[in-house]
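The values are calculated or read from the model by the stated rules, or taken from the named source; none is laboratory data. Predicted model, so just to flag it, every value in this text is computed and none were measured. Glycine also receives a Cβ, built like all others from the backbone with ideal geometry; neighbour counts cover every protein chain displayed. In case anyone asks, the SASA skips ligands and DNA or RNA and just uses the protein heavy atoms, side chains included. Shrake-Rupley method; radii C 1.70, N 1.55, O 1.52, S 1.80 Å.
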Amino acid sequence: MTASLQDWQADILMVDDDAGNLLALEALLEPMGQRLHRARSGEEALRMVLKCNPSVILLDVRMPGKDGFETARMIRLRERSRLTPIIFLTGLCLEIESAFRGYEVGAVDYLMKPVVPEVLRAKVAVFVALGKINAELTREIAERQLAEEQMRELALQLPALAVRLIDVREEERAGIARDIERELGQVLSGLKTDLGWLAGELAGGDPVLLEKIAAMGRLIDSTIDIIGGIATGLRPAILGDKGLIPALRWQADQMQERTGIGFRLDLPDEPLVLDGALSTTVLRIFQEILTNIARHAKADRVEVSLIVGDTDLDLTVMDDGIGISESQIHGQESLGLSGLQERAQIFGGKVSIHGNPAHGAALRSASVRRIPAHGTTVSVSIPMNRRERRTKNTSRTAVLPTS
């Protein structure tokens, strides 16, 4: 029993038009330590039922106006009290017809007047115990319903919180990228200026020393390029300036320059305007897919398709590499693949990964050229929010020139 119900008391309603009988009943039941309520008529009994929701009702059969049978029938018509136990009290020998009438209107038992105290208390005690159990169950149900409602509210809040975290993280990345380019870039530019001055001062001097200065200058230029690459990786400026489609093209171009892998892109030709967090997520998913291809696939070609429909955004990336196995997809080391799923699920999306060429072929867009019957296909499907605007479903296929 929960602590909050340790001091629980049952409400017991006694109904009799005779005040003396009510006082006698009260004296007999008072030792049980429950809350006792009295009513002198059927009408008053109906009002008390609404007020105290009794665990058991002791109801006199014969009363002026509404008798016990009619009062019981009215009690049963009300939703709140339709299952409340009713014990009829009668001072007459109970006829079979009256007994049937009582049970028809919901009586659970009869007691003859004058009642035997031990019998009265024993019968009432049963319904008091049942009332306590019912109160506990009602409380637990209410607590569970409250917990479920809180969970539903939390479930509704989590996607918005996740999207906000994406925005905050990207803002932090953009800030770090700006700081890196501004602070480190300025320092390195200053060093290069100083080296230029030093080289001028040593013009016509020791050739070995001048070559060392030149090598230091080249190293600074290389470091500046590396810093620019890090800053761009943290937050590609093209995503905010031109949108998702140019950012995808730029990312594929960067991958091709770095690795020599050929790309065929089937992307919408017109600008695509999406929620900032969704655009960022699609780009990050694409970057992660390309990273996995560069590390593991040993591919020569990659085909990319992006289709924006009325209800979904579908991104498909296929490579002609060695192909991924089922054990690799579900293995403990597949953290990168889990990251794809987690990013897509924030927007209610899903990611499918197949190393089976039969499945891969079924997922390909009709406008995407077939590639060799091996490799890996990654398909990402994300529901479109009504707030998001999309282009017409026109696309242009492009083959990036090999480096």
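Note on GLU136 and LEU210: the model spin-label points, each 7 Å out from Cα along the C-beta direction, lie 9.7 nm apart.
Note on LYS132: accessible area is roughly 60 Å² with a 1.4 Å probe, heavy atoms of protein only. Net charge of the neighbourhood of ALA19, taken over other residues with C-beta under 14 Å away and scored Lys/Arg +1, Asp/Glu -1, is -4. Pairs from the list LYS51/LYS132; LYS192/LYS242; LYS66/LYS113 with a Cα-Cα gap above 25 Å: LYS192/LYS242. Can you pull the one-decimal nm distance between simple spin-label points at GLU149 and ASP18, each 7 Å off the Cα toward Cβ? Placing both labels 7 Å along Cα→Cβ, they lie 4.8 nm apart. When nucleic acids and ligands are ignored and a 1.4 Å probe is applied, LYS192 ends up with an accessible area of around 90 Å².
Does the range 178-227 come out rounded, prolate or oblate by the C-alpha gyration tensor, with a ≥ b ≥ c the root eigenvalues, rounded set by a/c under 1.5 and, if not, prolate when a/b is larger than b/c and oblate if not? The shape class here is oblate. Could you tell me whether the range 129-230 comes out rounded, prolate or oblate from its Cα gyration tensor? Rule is a ≥ b ≥ c as square roots of the eigenvalues, rounded for a/c under 1.5, then prolate if a/b exceeds b/c, otherwise oblate. Here the range 129-230 falls in the prolate category.
Around ILE213, what is the net charge, scoring Lys/Arg as +1 and Asp/Glu as -1 over all other residues with Cβ under 15 Å from its Cβ? Net of charged neighbours comes to -2. Solvent exposure of the range 12-57 amounts to 45 Å² per residue of accessible area, where only protein heavy atoms count and the probe is 1.4 Å. Net charge of the neighbourhood of LEU146, taken over other residues with C-beta under 13 Å away and scored Lys/Arg +1, Asp/Glu -1, is -2. Sorting the segments 144-155, 17-28 by their residues' average number of neighbouring beta-carbon atoms within 10 angstrom, most packed first, yields 17-28, 144-155. Multiplying the residue separation of ARG164 and ASP300 by 0.36 nm and removing their Cα-Cα distance gives an extension gain of 45.2 nm.
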